[in-house]
Amino acid sequence: MERRCGVLGDPIAHSLSPILHQAGYDVLGLDWEYAAHRVGSGGLPAFVDGLRQDPAGSWRGLSLTMPLKREAVPLVDELTERARLARAVNTIVLQDDRLLGDNTDIPGAIAAIRERTSAPLATAVIIGGGATATSVGLALADLGVRRLEIIARSTERAFEAVETVAGHPGRPEVTARRLDELSALAVDLVASTIPPDAQDARLVAACSDVPVVFEVVYHPWPTPLAASVGDRVLVGGLDLLVHQAAVQFELFTGKPAPVAAMRAAGERALAERTSP
C-alpha cells in the first residue's frame, strides 16, 4: 500500500521537510508520499478527523510546525513521555486507528548540538518562549545544563516554557527575562528561536561572547545571529531539522533514516534558494 505523510503549519511553503523525507524514501525505494499542507491555528482538529476517516487507510504520519505543536496535545490518543514533558507534539504517528503524539525536536536538538560540539554545557540562554524554545530547553537539560534563562517579549509569554523546562527530572534552575532587558550574555550556549527580522544589532552584540550559538531557523539563511558567529561553534537550523526529521522518518517507516542523503537534499535545496 502506498503510504502518505505530511507536514502541517502556517506558514508552510518554506518547509524543507518534504524534500528531506522524500530523499529518504528514494534511497530506500519506498513508494511513499510526503507533502506540505497549510493548516493554521484552529484547523488541526478537522485535518486529524480526515485522517481517521481515510477509507484507504493510507495515512501514516504528520510533522507539525507552528502554530500547531501545542494544539495537537489534546487531539492524540497517547503521548510519549517526551511529548508529555514538553506539552508539545511535533509528530503524530497513526498506529492501528490510534494517534500517537511524539516530540522529535528534543532528540533532534540533542543530536544537532552534539554533532557540532562535545563541550560540557552547564549554563544557557534561550531567546524565544514558544513550543520550540521549550523543546530546546528540555534537550539542554538532558545535556546537563543546570542554569537556564528564557528571554521573550514578556515574562508572561515565557511562563509556560519556564514552568515546563523546570519540570525536567534534572530540576534545572530556570528564570525568565524580557527581550528588551537583554544585555551581554556570559553562558555556555545561546539558542535563538525567534524570526530573523527580530534579531537586531543589540541582540547580536549581546551574544557576541557566547562560545556556542544554536540558531534554530534555517530559512532565510544565514540569520543575523548566524552570520555573526565567525570561528565560534554554530549549530544551525538545518542541523536540527535533519536530526528531528530522521527520528520522524524512523517512527513513520520503521526503517533507519538515511541521514546523509536527507542532509544533502536539504543543503541542495537551501543553496538553490539563496543563489542569485
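Per the Kirkwood treatment, what hydrodynamic radius in Å, one decimal, follows for the chain from the mean inverse distance over all distinct Cα pairs?
That comes to 19.0 Å for the chain.
Taking θ = phi - 60°, what integer Hz values does the Karplus form 6.51 cos²θ - 1.76 cosθ + 1.60 yield along region 91-97, in sequence order, with x for Gly and Pro?
Computed from phi, the couplings for region 91-97 are 9, 10, 10, 8, 10, 6, 6 Hz.
Among bridges DSSP assigns within region 73-188, what percent are antiparallel (round to 5)?
30 percent
For Ile126, list long-range residues whose amide hydrogen, built 1.01 Å from N in the peptide plane, is under 5 Å from its own amide hydrogen.
Glu149, Ile150, Ile151, Ala191
Starting from the amide H of Gln95, placed 1.01 Å from N in the peptide plane, find each other amide H under 5 Å away whose residue is 5 or more places distant or on another chain.
So Gln95 has HN proximity to Leu100.
Counting other beta carbons within 10 Å of each Cβ, put Thr175, Thr80, Thr223 in order, fewest first. Intermediate results must be reported in sequence, preceding the final value.
Details: Thr175 14, Thr80 19, Thr223 23.
Placing the least packed residue first, the sequence is Thr175, Thr80, Thr223.
Helix-only estimate, please: 222 nm mean residue ellipticity of the chain, summing -39500 (n - 2.57) across DSSP H runs of length 4 or more and dividing by its residues, to the nearest 500. Walk me through the numbers before you get to the answer.
Values: 10 runs with 106 residues, N = 276.
It lands at -11500 deg cm²/dmol.
Give me the percent relative contact order of the chain, please, defined on Cα pairs under 8 angstrom at least 6 residues apart.
Averaging sequence separation for qualifying contacts and normalising by length gives 17 percent for the chain.
According to the Kirkwood expression over distinct Cα-Cα pairs, how big is the hydrodynamic radius of region 106-238, in Å? Let's see the in-between values first.
Numbers: mean 1/r = 0.0699 Å⁻¹.
Taking the inverse mean of 1/r over all distinct Cα pairs, region 106-238 comes out at 14.3 Å.
May I ask you to sort Lys255, Lys69 by Cβ crowding, counting other Cβ atoms within 10 Å and putting the fewest first?
With the sparsest Cβ surroundings first, the list reads Lys255, Lys69.
Determine which residues of region 1-44 fall in the zone a paramagnetic label at Glu250 would reach in this model, i.e. backbone nitrogen under 17 Å from the point 7 Å along Cα→Cβ.
21, 24-25, 28
Which Cα, out of Ala23, Ala245, Gly144, lies furthest along the positive dipole direction of the chain (beta carbon charges, K/R +1, D/E -1)?
Gly144
Can you list the residues of region 32-76 with backbone N under 16 Å from a point 7 Å past the Cα of Ala13, pointing along Cα to Cβ?
Flagged as within label range: 36-40.
Bear in mind these aren't lab numbers, they're just calculated from the coordinates by the rules spelled out. Remember, it's a predicted structure, so these values are computed and weren't measured experimentally. Cβ: placed from backbone, ideal geometry, glycine included. Neighbour counts: every protein chain shown.
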